[in-house]
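The values are calculated or read from the model by the stated rules, or taken from the named source; none is laboratory data. Source: prediction; values computed, not measured. Here the Cβ positions follow ideal geometry from the backbone for every residue, glycine too, while neighbour counts run over all protein chains shown. Keep in mind that these areas ignore ligands, DNA and RNA; they rest on the heavy atoms of the full protein, side chains included. Shrake-Rupley method; radii C 1.70, N 1.55, O 1.52, S 1.80 Å.
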Amino acid sequence: MGLTRVKDILKMADENRFAAAAIDVFDYQSAEWVVKAAEREQMPVLLMFYPDMSSFIPFTTMAAIALDLAKRAAVPVGVHLDHGKSYDVAVGGIAAGFPSIMYDGSARPYEENLAVTASVTRCAHVLGIDVEAELGTVGQGSRKEDFCNSELYTMPEEAVDFVQRTGVDSLAVAIGNSHGHYVCEPNLDISRLDEINKSIDVPLVLHGGSGIPAEQMIESVKYGINKVNIGTEFFEKCKTSVAAHMGKGGFVL
């Protein structure tokens, strides 16, 4: 219980046929709420930090908060840096204290993404840090072409080559999912997911979990997803809950 390696949580998820919720948090309260919810449900959870949030709270501060909450939790809690889009940001997450990081080079040409991912992974593994990478285009839900164009999806044969040559611990895939609000209902390519899952032996990650219909989410877990990222939906719940509390006179100076 308590602080647990992300790769161990994902292994647990794979062996027991479930997906761990990975929630983007941004301060002490948001991280504490996630841990309390996980304890209530008696489920493992991952606390993630999105690098762009560093304009509000430093990497080192958020890492320290998340690690402290994780250590005191009654359920397995992983701590992870989400979407490090450069070598410096990803490795900077290691220096800040994150025990698991993501390097996201999916916007780069394939060989460049592979080379930088491999370099990040070599550095991280020397220090016992887990690494997630991304292959394919997981764009924005506000652009239909980002998640409805199968040419942007992860190709199974590339996934095999990518995982073998980088040594990553988990892989985020593009199968009709995108970040943020979807302008129309997504339609996940479950057959592609199944083929990827049968081809490689690392846990698979689904980004853009906010707004995917429940039945599709269940199918994605059935066919290989072990980690589901949630940011937009959680941020909106935080906003509406705080607004409702303030409206009831809950804020007192």
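Estimated purely from DSSP H runs of n ≥ 4, each contributing -39500 (n - 2.57), the mean residue ellipticity at 222 nm for the chain is -14000 deg cm²/dmol once divided by its residues. Which log10 I(q)/I(0) values, to two decimals, does segment 143-253 give at q = 0.11, 0.13 Å⁻¹ under the Debye formula with one point per Cα? The calculated log intensity ratios at q = 0.11, 0.13 Å⁻¹ are -0.43, -0.55.
Projected label points at Phe235 and Lys11, each 7 Å from Cα along the beta carbon direction, are separated by 3.4 nanometres.
Pull out the extension gain between Ala115 and Gln42, defined as 0.36 nm times the separation in residues minus the alpha carbon to alpha carbon distance; nm, one decimal. Result: 22.4 nm gained on full extension. For segment 42-62, the residues whose backbone nitrogen is under 12 Å from a point 7 Å from the Cα of Asp68, taken along Cα to Cβ, are 61-62. What angle do you read, to the nearest 10 degrees and between 0 and 90, between the alpha-carbon axis of helix 87-96 and the longest principal axis of the chain? That helix lies at roughly 40 degrees to the long axis. Compared with the rule-of-thumb size 2.2 N^0.38 Å for a compact globular protein, the chain has a Cα radius of gyration ratio of 0.97. Expressed as a rounded percentage, what relative contact order does segment 99-222 have, with Cα pairs under 8 Å and six or more residues apart? Relative contact order comes out at 24 percent.
Each of the peptides 35-41, 101-107 was scored by the mean count of other Cβ atoms within 10 Å over its residues; in descending order, highest first, they stand as 101-107, 35-41.
Ignoring ligands, DNA and RNA, please state the percent of accessible area on the chain from carbon and sulfur, probe 1.4 Å.
54
Rolling a 1.4 Å probe over the protein heavy atoms gives the chain an accessible area of 46 Å² per residue. As a ratio to 2.2 N^0.38 Å, the alpha-carbon radius of gyration for segment 1-131 is 1.03.
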